[in-house]
Every structure is written in C-alpha cells, then in structure tokens.
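Asker: Submitted below is the structure of interest, expressed as structure tokens.
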Amino acid sequence: MSGGRRASWSFLTGAVLVSLFAIAALVSVIWTPHDVSGMNISARMKAPGGDYLLGTDHFGRDMLSMIMAGAQTSLAVAIIAVGIGMAAGVPLGLAAAANRGWLDELIMRANDLAFAFPALVIAILITAVFGPSAVNAIIAIGIFNIPVFARLTRGAALSLWTREFILAARVAGKGAVRISAEHILPNIANLLIVQGTIQFSLGVLAEAGLSYVGLGAQPPTPSWGRMLADSQTLVGLAPHLALVPGMAIILSVLGLNLLGDGLRDMLDPKLRVVRT
Amino acid sequence: MTRGFFACSAVTLFFSVPALASKLTIAVQLEPPHLDPTSAAAGAIDDVTYANIFESLTRFAEDGTIVPSLAESWDVSEDGLTYRFNLREGVTFHDGTSMDAEDVKFSLDRARGDDSTNAQKGLFAGIAAVNVIDPRTVEVTLSETDGNFLFNMAWGDAAIVAPESIDTIKTNPVGTGAFKFSEWVQGDRVELVRNEDYWGEPAALEAATFRFISDPTAAFSAMMAGDLDAFAAFPAPENLIQFEADERYKVLIGSTEGETVLSTNNKKPPLDDIRVRQAIAHAINRQEIIDGAQFGYGTPIGTHFAPHNPAYLDLTGNSPHDPEKARALLAEAGHGDGLTLSLKLPPPSYARRGGEIIAAQLREVGIDTEITNLEWAQWLEEVFRSKDYDLSIVAHTEPMDIGIYANPDYYFQYDNPRLQEVMSTLRGTTDPDRRRDLLQQAQTIVSEDYVNGFLFQQPRLTVAKKGVQGLWANAPTQAVDLTGVSWSD
Amino acid sequence: MLRFLAQRVGSLIGSLLVASLVIFLVIEVVPGDPAAVMLGVNARPDTIAALRAELGLDGSAVSRYLSWVAGMLQGDFGVSYTYRTPVAEMIADRLWVSVPLALYALCLTVAIAIPAGLLAASRRGRMGDYGVIGVTQIGIAVPNFWFAMILILIFAINLRWFSAGGFPGWDEGIGAGLRALTLPAIALALPQAAILTRVMRSALVDVLGEDFMRTARAKGLSQSAAIWRHGLRNGLIPVLTIIGLQFAFLLAGGIIIEQVFALPGLGRLIFQAISQRDLIVVESVVMLLVFAVILTNFLVDLAYAVVDPRLRKHP
C-alpha cells in the first residue's frame, strides 16, 4: 500500500468514517433523536424509515439513538484500552532495549507468554472474577495491548541504539533513561501512532466480541455487541436488528484501519506494523 | 481442495434421513451434567430420565395429580405417620435384576443419609425409618405427619435405584422405566431404546433420541430444517409465530410450575419498608413484560402460586399498574427524590429481557437500577447464598413451593410468623378442603405483604411435527415423558 | 546448534510452568462453588459439604496445584466435577470437532488467500490489486460472529441448505460432518483469509523487488511467470509463519463461533465449564490452548533457525 494518491484516498475515507462515529458519540452525550432507553413495546421491531431512521429494536427503542450511544461505549473502551497498552508497553519496551540483559530476556519471555494465552478465555475468567462491566472489558483488552506495544517499541528502539546520534548522546554522558525519553521516544512516535490506530480498531472489534458474549458494558448502557446478541433469535423476523449494529462495527473498524494505513503512508511508508 | 469440500457438502444436502415412524428425535435446551437424578439439581437430568428411565414410588400425571407408579397402592395409618407401600409385581431393572423392597429401602436411605448428595434432601427429612416387610411391601415411618409425603415421593429426586448399578449410574443409568439408556454422545445427544420387559404398557416408540441445543437460533433452524421431531420447552417464544404459520408443525402451549418473580431482599433497607415494595409492585406493568420478554406467552400472577392449581387465587388486583400510586408511596416512604437499587439477573432470556423492561418501568416512578448480568454460578453465590442484592428476576420452578416464604433464611429474607404458622399447620394437615383453605391464606399473605414483585407464570412451549401425539403440554414437574408418545398417520 | 536447541527447550518448559501457575492462580480466585452450582437452590449446607469432599475440593491449593501438574505430566487431566468423566477423554472428544473445524477453516483461508495475494501482487497498482485490497480491508473489519449470524440467516433459515447448528458426529459419515462444519468454517476463515491475503501480497511485493526477480524478468519471463517460478517459493516463508500462528488462533478463536453454531467443540466445553464452575476442565483446556500456541512458536523459531543460521545467535 504505497503511492501518494492511494494513501490520501485511504486516509481521507478513514478520517471521514472515524470522525462520523466520533461526532455521533460526542453528540449522543447531549442529544439523541429519541430517548436511548425509552421503551415502546407496541412499536417494537419497526423497519427503518419514518420516525425511526434505523428502525426500532425488540423493545421498541430507537436504533439510531442506540447506535450513537453505543459508539460512545465502543470508542471509549477501545481508546482507554490502547492507552493502557501504550502506558505500560512502551516503557517496558524501552527498558528492554536499553538494558539488553536479563531484564530484556524477562520482558520478552513474559511477552511471548502473554501472546500465548487465548485472549477471550482470559477475558471470560476476568469477568468471572470481577463481574461483567465496561471497566473489566477495558482491562481485559488493555492487558493484551501491552505485549504488542512492548514488542514493537523494543524492536524499533534496538535499531536506534546502534545509531550514531545515540552514541553521541552516550558519550555526552546521558543515562539510558534520558536517552530513551529524549532521543528514542520521539523517533518512534510515528510508529506508535500508526500501531495505536490499528490497536484501536482491534479494540473496537474486541469490545463488540466481549459484549456479544455478555461480558462488556451492562444494560441499559447501549453497546453494539450486545445489540447483536439481543438480535440473535430475531434476525429471521427483522433482519435490520442484526444489520444495523453489524454495519456500525464494520464501518468504524474499516475507518480506523484505513486511517492507520493512510497515516503510515504519510508519515513513513517503510514502517512495519504488527497485526495479530 | 475447497471444491472437494463443497462437492461433498452439496451431495449430502440431498440425503436427509426420513424419520422412522417408531423413532423420535426430541430436543431440549440443556444437556444434563450426568444422568443421576438423585444427586444433582439440574432439571436437564429429569428431562431425560423422569418416567422414561427412572421411576419413583408415585409419580406426577400430566395434570399435576399424584398417581401410583412403582407402588401399586398404599395404606396410611390412622395417625398419618406410617405409609405401607405395596410394590408392583414383576418389575425388573434394565440390567435384569428384580426391583423389590430392598431397593426401595436402599434408595430412600441413600437419599437421606449423612453423605447424601441429593439436591432435594429436604424431601426426605421427615422420614424416621424405612422397613422392609416382605419383598413386595415396604413401610415408611415419618417423624411427624406430612400432607405432602406422597407428593414428595413422586419427584425425580426420589427415583428408585439399584445398589448393583449405583457406581456407574451417572454415565450408565439403570432404572425400571419404559426406556433403557443406550448411548450418550456428550455435547450432542442421549439415545434411549424401548424396554421390552417393561412391567406396564410398553412404549409405542422403539427408540428415542434427546438432543441438546442451547442456542435459540440453532433450535429454531434445526426444527425448521426438519432435523428434529419435537422441541420440549422451546427457548425462543419470539419464533413460535413462524411455527404456528407452518402447516408442518404444531405448537403446544401448556403450564409449568415456574412462578417468575422479581425477587426482593426483604431485610435490606429500603426494601424492608412495605411501602417501597408496594410502590415497586405498582410500578410494574405485567402485560408489557409478558409482551416484551415473552412475546405474549405467559399468565400474569399476583402471588406465588400456579394458576392451573385448583387452590389458586387470582390476586393480581392487589398490584395493578399504577405509576401515580407508586410515586406517592415512594414519597410517603421518604424516597420522593429518587432511589437506586441493584438488579442482578441470571442468564435466561425472560430474566435478561424482563430485567431491562422492569428497569425502564421503575425509572418511570423514580427508581434507578444498576443491572448486573450474572451466570448461574455467580447468581447462586452472590444473590442466593450471600443475599448481596436488592432485586433479581427468577422463575421458581419447583412444584408447590410457596413454603419457601416460611423460611426466613431463604434469599428473600422474608420473616413473617403468621405465614410460618400457616405453613406448619399445612404440613400436618391431610384434609383436602382444609389444605386448600390454608394454601389460599398463604397466597393472600405473601401477596398483601408485597414480598416479591409477582410477574407471570412460565408457559411450557413445545413445538412438534404434526404427526407426533401424546407429548405433555404441561410440565407439572421437570420431565419430558415419552412413554405415551406415538406417531399418527 | 545444540546449545541453541537446549536453550529453546529450556525456555519452552519454563514458559509452560509459568503458564500453568498463572492459569491455576486465576482460576483459584474465581468465585462460585462447583458443588453449590450442581446442587441448586434447595440444597442443604451439609449436602454441599458432602459433595465438596467427594470432589476432592477440600484439599489445600498447593496440593491441588501439584497434583494437577503431576497428573498432566502423565497425561492425566483429572476428572470433571460435573460430568464425572476423565477430562482427557472429554477434551479428546471435543478435539474431534475443533481440530477438523480449524483445519477446514485453514484450508479455506489458504485457498482464498494464496490466489488473491498472487492476483494482487501481479496486478500491483492496477484495478485487480485495488479490488483485492478493498475486499481485504472489509474482511478484516467484519466480526466473525456477525458474519456467522448472517450466514445462518441466509443459508440455514432462508435457503435451508445447511442446518444452523449442531454436529451429527463423524459416525454419520464424513460428508454429514463436513456439511455441519461448512458454515462455521467459512465464518472463521473470512477474516483470517483477509489477513493472510495482505501478508501474501506484501511478501510477494518484497520478493519482486529482489535482484533475482529482476534477472528472471530480464531473461524474458512475464511478470506472472516470474512470480510463479521464483517469487512464490521465496515469499512463502512469512506466509507459512502466519499460517502456523493462524492454526493455533483458530483452535482457540472458534470459541464464539462454536457457541453460535452449537458445535460440541473445545470452545463450547470451556464456556459450559466456566458457567458450571467445572474449574478442573477450564484449567486443562486453557493449558492445552496455551501449550498449542507456545509449541507453534517454538516450532516456527526452530524452522527459522534451520533456514537462516544467523538467527541462532540471538533469538
């Protein structure tokens, strides 16, 4: 995926889609077309159109309002989870690269191990211990972001440590911590931003998956994954119940991925991004 | 490679095996953990085994009455303390050994013993001694009169088992019923075959397969695809309309013993205030819950009692939907500016959907709820055992279980000496009219105390192919009795 | 090489030990008593205590951990609390569904991704490339459980070509078994195929830039012939790595899909076991999944070291 013309195309499409959902999420804080949790059993499972642009769900709630409020849940969970991953993973990766000894070995082995655990099963166990909630979904997703950032940071930092300007800084008497913060971090920032966008999109998918199996935000807080789970037995009667939240997930993830690819091409086409 | 796969699948599409007239494939939602009805609470065990594989001294008929089973008849002493059961002649277990008084003594002693793992050990608590008189007569002595004793002996948990086969009962159940256990493919199905040596009327079906399909969508399409002949206790009421419109199928709507209630923690402030509980009762719109959570299937109840029971009183008039009154009661109780309660919901869809609807209804009168969806294990731990909850929604499916209100340690934490007295009088009463009167008193007390939010009676929804006859529409106990099922043509 | 091997085996064993400890500790703190779950709401406390003793739940945590690990080393995973059958047997039964499902999905993934990746790389910068890239972007964004619901809606409920769930067992014939696994395998394969296509494409694009490819082109081979003769083999190493990892992922990743299609596989076993607090089953299945991934990584590392001796110096 290189070449300036395509890069800007995917960046633009991604940016438009992502801002659309971000705006929907922000607006839903103060306004939605209908009351998000207002039920109207007699008007349930109405097809899209008329008073209800995207139809109503099995309780007669407005789907558009729920999608808007659900965007808020999805984006918030994913963004905080990425934040956790970066806040813990980047320092670990920097430390591993700077130390190169037993600390490096320990961090990388722990990383490999974390990659080996089936994420969903661990998430299920976490919620079995602490109960299902949006916060626990964030923790579960965040934990699995840590090794991604640690590994990426370590790899990029390692190659920087051999460069001359770092050598110069060492000669000047700067310690490993200062060098990491002042010279290494700024040089890998682009990489982190791009990977962050990808992890963001994976976070949205993961949040949907967790709330689909009932482990995410609890009702009445709307969530796209739970809307899908609720629609499971009703798709035959009213397909829009599954199509609407499904499209919301697909479009937001697609937008984030396109944005990430576009950013990468603009910032540095040679960047390697990990996708798991 | 893929082409090969697709070709294969395409070929198999056209081989759907037609159901043989003397075989039946019936699905239930949950797979039993094992097949011993006397050592676990899982109703799924009784679905497969009750009346089909295992029999008890007495049994439930489809209308809920108690009729003879392995005991042909019985005599009760004047004081009501001694029951002499006359066992049927010529009854053998599936392994060929005979069923006699020793087996009855073994089964009852095992259920009430110190190391018993019987989930309903309380059923046997009143037994003081079990004595073998002769191979066909067994005498049970009670420590006090118990008007429910014959009823208790009809439960699946009171099944008569044999000492010879007890060690492997969980994976290879050996009973006296009209069907023998044949095979269990875990995660998928249990197969039964007809017991040719059955003591009573032999089953019309040569073989029966129980399949376990927990996912409602899979249940729907398996039924629609014709893979199943019937589905007992169909889990998705929203799909019944499609079966009713399809001439290949029929839908049976019966009653169950499942009173669905908004369980309330009666000791925990502010719910210890009857005005708050009454306010909740008036905030609830039962019809909306039945429509929204059950797609219209369910009978509203106003107390903890099954509407099909002759002793039932319709007390829904005690708690009509009246948000104004609810708000007034809350204000009177000092909660005019709002109130937040926890609402902990177990997995079934009636609870999850019903919970969301009730949360919306309570919000309208100024009560906010914090919903937590729990698995059964967590529900048992947090709500049932630790009583760490304000509200919950559960269907209480045990037959005739209004007695739970007389137990102040039960998770409702409802402590009313007047009700406790009524229930203890009931236990010592055998006269039918008097019993009925006591039961109605008890219904009135729990209704007027607004112990719980009384919502609706769970319906029993069964979907079957048109030709299947003899399936129970009602579920007086957890059972899928196939002994009377046949195909018409 | 021997030293390298010893080092890797050492770290493999270390990882497995740490993993077993982590799993055991997590499961220790899960609230909920398996005995109480089995006996339900009318059980008396003494009955629950009797069952706990029968299940061996009254021992100390340390002794239970040690006996679990010692058992596993001998291939004995203990006895399920709820089903009362050996866990190893249950897992083996379920593997007969989960492994074929993962393999089926992997075959579909490869069958889609290799041609699609080739097409995109050989048409690089042209319509075919953009088309493939666009489809993979969407493929990556589709949640597989949603895709599964849509497949059921179309092919099971409306067209009735496949049943929407359940598994007849291999006794009913390979055809019937594969038919039951077809929709789940497609649902699992699509997002994976999208990822693999992208890996395939970029690996080939990298290879195309190498000198020997230019030489091949200079010899007069067409672009696609050059890819076929030389590019594919050289581009295959990263692709094989991803395939290896995908298999391990598919084994565990089928959990939700097995749930949607009611397939009696490992995923459903683990869901059921968690909700019934059949913790000994949960422990063993998680351990097995972790083992599968660690082993795959180990084999991939070894394969790399064989291919490229430079890697033996520093992992």
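Asker: For segment C:1-16, enumerate the residues that are assigned to a helix (DSSP H, G or I), over 24 Å from the mean Cα position of the chain (by Cα) and modelled with pLDDT under 85.
Answerer: Selection gives C:2, C:3, C:4, C:5, C:7.
Asker: Let me ask something else. Among the residues that make up segment B:91-110, is at least one of them hydrophobic (A, V, I, L, M, F, W, C), farther than 30 Å from residue C:52 by Cβ and free of Cβ contacts under 8 Å to residues at least 40 places away in the same chain?
Answerer: yes
Asker: Mind listing whichever residues of segment C:56-80 are outside any loop (DSSP other than H, G, I, E, B) and surrounded by 10 or more Cβ atoms within 10 Å (Cβ to Cβ)?
Answerer: Across segment C:56-80, the qualifying residues are C:61, C:63, C:64, C:65, C:66, C:67, C:68, C:69, C:70, C:71, C:72, C:79.
Asker: Continuing with the same structure: Could you count how many residues in segment A:91-111 are assigned to a loop (DSSP other than H, G, I, E, B) and either at pLDDT 85 or above or under 20 Å from residue A:182 (Cα atoms) (or both)?
Answerer: The qualifying residues number 1.
Asker: Is there a residue being farther than 30 Å from residue C:179 by Cβ and within 14 Å of chain B (Cβ to nearest Cβ) anywhere in segment C:252-271?
Answerer: no
Asker: Of the residues in segment C:85-108, how many are within 8 Å of chain B (Cβ to nearest Cβ), surrounded by fewer than 18 Cβ atoms within 10 Å (Cβ to Cβ) and not polar (S, T, N, Q)?
Answerer: 1
Asker: Given the structure, is residue B:256 touching a strand residue (DSSP E or B) at 6+ places or on another chain (Cβ under 8 Å) and at pLDDT below 95?
Answerer: Yes; evaluated as a whole, the condition is true for this residue.
Asker: Taking segment A:201-211, which residues are within 7 Å of another protein chain (Cβ to nearest Cβ) and aliphatic (A, V, I, L, M)?
Answerer: Answer for segment A:201-211, where residues must be within 7 Å of another protein chain (Cβ to nearest Cβ) and aliphatic (A, V, I, L, M): A:205, A:208.
Asker: Of a type outside the set (Ser, Thr, Tyr) and in contact (Cβ under 8 Å) with a residue 40 or more places away in the chain - does that describe any residue in segment C:155-162?
Answerer: no
Asker: Filter segment B:112-135 down to residues that are crowded, with 17+ Cβ neighbours inside 10 Å and farther than 25 Å from residue B:429 by Cβ, then give me how many there are.
Answerer: 4
Asker: Let me ask you something else. Out of C:6, C:35, report the one residue that is buried (at least 18 other Cβ atoms within 10 Å of the Cβ), in the same structural domain as residue C:65 (by TED's automatic domain parsing), of a type in the set (Gly, Ala, Ser) and without any contact (Cβ under 8 Å) to a residue 60 or more places away in the chain.
Answerer: On inspection, the qualifying residue turns out to be C:35.
Asker: At the interface with another protein chain (Cβ under 9 Å from one of its Cβ atoms) and in a loop (DSSP other than H, G, I, E, B): which single residue out of A:246, A:255, A:214, A:225 fits that description?
Answerer: A:214
Asker: Go through segment A:228-243 and count every residue that is out of contact with any Gly (no Cβ under 9 Å at 6 or more places or on another chain), without any contact (Cβ under 8 Å) to a residue 24 or more places away in the chain and either more than 7 Å from every other protein chain (Cβ to nearest Cβ) or not polar (S, T, N, Q) (or both).
Answerer: 5
Asker: Let me ask something else. Could you tell me whether segment C:154-167 includes any residue that is more than 14 Å from chain B (Cβ to nearest Cβ) and either farther than 27 Å from residue C:243 by Cβ or at pLDDT below 90 (or both)?
Answerer: Looking through segment C:154-167, none of the residues is more than 14 Å from chain B (Cβ to nearest Cβ) and either farther than 27 Å from residue C:243 by Cβ or at pLDDT below 90 (or both).
Asker: Would you be able to tell me the number of residues in segment B:400-452 that are within 18 Å of residue B:272 (Cβ to Cβ), assigned to a helix (DSSP H, G or I) and β-branched (Val, Ile, Thr)?
Answerer: Of the residues in segment B:400-452, 2 are within 18 Å of residue B:272 (Cβ to Cβ), assigned to a helix (DSSP H, G or I) and β-branched (Val, Ile, Thr).
Asker: Right, residue B:227: closer than 17 Å to residue B:107 by Cα and within 11 Å of chain C (Cβ to nearest Cβ) or not?
Answerer: Considered against the rule, which asks whether it is closer than 17 Å to residue B:107 by Cα and within 11 Å of chain C (Cβ to nearest Cβ), residue B:227 comes out as no.
Asker: Looking at segment B:170-185 only, could you name the residues that are among the charged types (D, E, K, R) and at pLDDT 95 or above?
Answerer: Residue satisfying the conditions is B:180 alone.
Asker: Still on this structure, please answer the following. Can you pull out the residues in segment B:58-72 that are touching a helix residue (DSSP H, G or I) at 6+ places or on another chain (Cβ under 7 Å) and modelled with pLDDT of 95 or more?
Answerer: B:58
Asker: Moving to a separate point now. Which one is modelled with the lowest pLDDT, of the residues in segment C:109-138 that are among the hydroxyl-bearing types (Ser, Thr, Tyr) and either surrounded by 17 or more Cβ atoms within 10 Å (Cβ to Cβ) or outside any helix (DSSP H, G or I) (or both)?
Answerer: Per the stated criteria, the residue is C:122.
Asker: Go through (1) buried (at least 17 other Cβ atoms within 10 Å of the Cβ); (2) of a type in the set (D, E, K, R); (3) within 13 Å of another protein chain (Cβ to nearest Cβ); (4) outside any loop (DSSP other than H, G, I, E, B) for residue B:183 and report which single condition fails.
Answerer: Every condition holds for residue B:183 apart from (1).
Asker: Look at segment C:21-32 and say how many of its residues are within 11 Å of another protein chain (Cβ to nearest Cβ) and in contact (Cβ under 8 Å) with a residue 60 or more places away in the chain.
Answerer: Of the residues in that region, 4 qualify.
Asker: Go through (1) surrounded by fewer than 19 Cβ atoms within 10 Å (Cβ to Cβ); (2) under 26 Å from residue B:170 (Cα atoms) for residue B:107 and report which single condition fails.
Answerer: (1)
Asker: Would you be able to say whether some residue in segment B:150-169 is out of contact with any strand residue (DSSP E or B) (no Cβ under 9 Å at 6 or more places or on another chain), assigned to a loop (DSSP other than H, G, I, E, B) and at pLDDT below 90?
Answerer: Looking through segment B:150-169, none of the residues is out of contact with any strand residue (DSSP E or B) (no Cβ under 9 Å at 6 or more places or on another chain), assigned to a loop (DSSP other than H, G, I, E, B) and at pLDDT below 90.
Asker: Can you find a residue that is within 13 Å of chain B (Cβ to nearest Cβ) and within 15 Å of residue C:283 (Cα to Cα) anywhere in segment C:41-55?
Answerer: no
Asker: Continuing with this model, one more query. Pick out the one residue from B:220, B:243, B:212 that is within 22 Å of the chain's Cα centre (by Cα), within 30 Å of residue A:229 (Cα to Cα) and either within 14 Å of another protein chain (Cβ to nearest Cβ) or buried (at least 19 other Cβ atoms within 10 Å of the Cβ) (or both).
Answerer: Going through B:220, B:243, B:212 in turn, just one is within 22 Å of the chain's Cα centre (by Cα), within 30 Å of residue A:229 (Cα to Cα) and either within 14 Å of another protein chain (Cβ to nearest Cβ) or buried (at least 19 other Cβ atoms within 10 Å of the Cβ) (or both): B:212.
Asker: If the Cβ limit is 9 Å and pairs must be 6+ apart or interchain, which residue in segment B:348-365 that is under 17 Å from residue B:238 (Cα atoms) pairs with which residue that is modelled with pLDDT of 95 or more and among the aromatic types (Phe, Trp, Tyr)?
Answerer: The qualifying pairs are B:350/B:456; B:354/B:456.
Asker: Let me ask something else about it. Which members of segment B:320-372 meet the condition of being of a type in the set (D, E, K, R) and either closer than 30 Å to residue A:133 by Cβ or buried (at least 18 other Cβ atoms within 10 Å of the Cβ) (or both)?
Answerer: B:327, B:337, B:344, B:352, B:353, B:356, B:363, B:364, B:368, B:370
Asker: Turning to a different aspect of this structure: All but one of (1) part of a strand (DSSP E or B); (2) closer than 26 Å to residue C:162 by Cα; (3) away from chain C (no Cβ under 14 Å) hold for residue B:192; which doesn't?
Answerer: Tallying (1) part of a strand (DSSP E or B); (2) closer than 26 Å to residue C:162 by Cα; (3) away from chain C (no Cβ under 14 Å), residue B:192 fails exactly one: (2).
Asker: Could you say whether any residue in segment B:285-295 is surrounded by 18 or more Cβ atoms within 10 Å (Cβ to Cβ) and more than 30 Å from residue B:338 (Cβ to Cβ)?
Answerer: Yes, because at least one residue in segment B:285-295 is surrounded by 18 or more Cβ atoms within 10 Å (Cβ to Cβ) and more than 30 Å from residue B:338 (Cβ to Cβ).
The values are calculated or read from the model by the stated rules, or taken from the named source; none is laboratory data. Just so it is clear, the structure is predicted and the values come from calculations on it, not from any experiment. Counting neighbours? That spans all protein chains shown, and the Cβs are built from the backbone with ideal geometry, glycine included.
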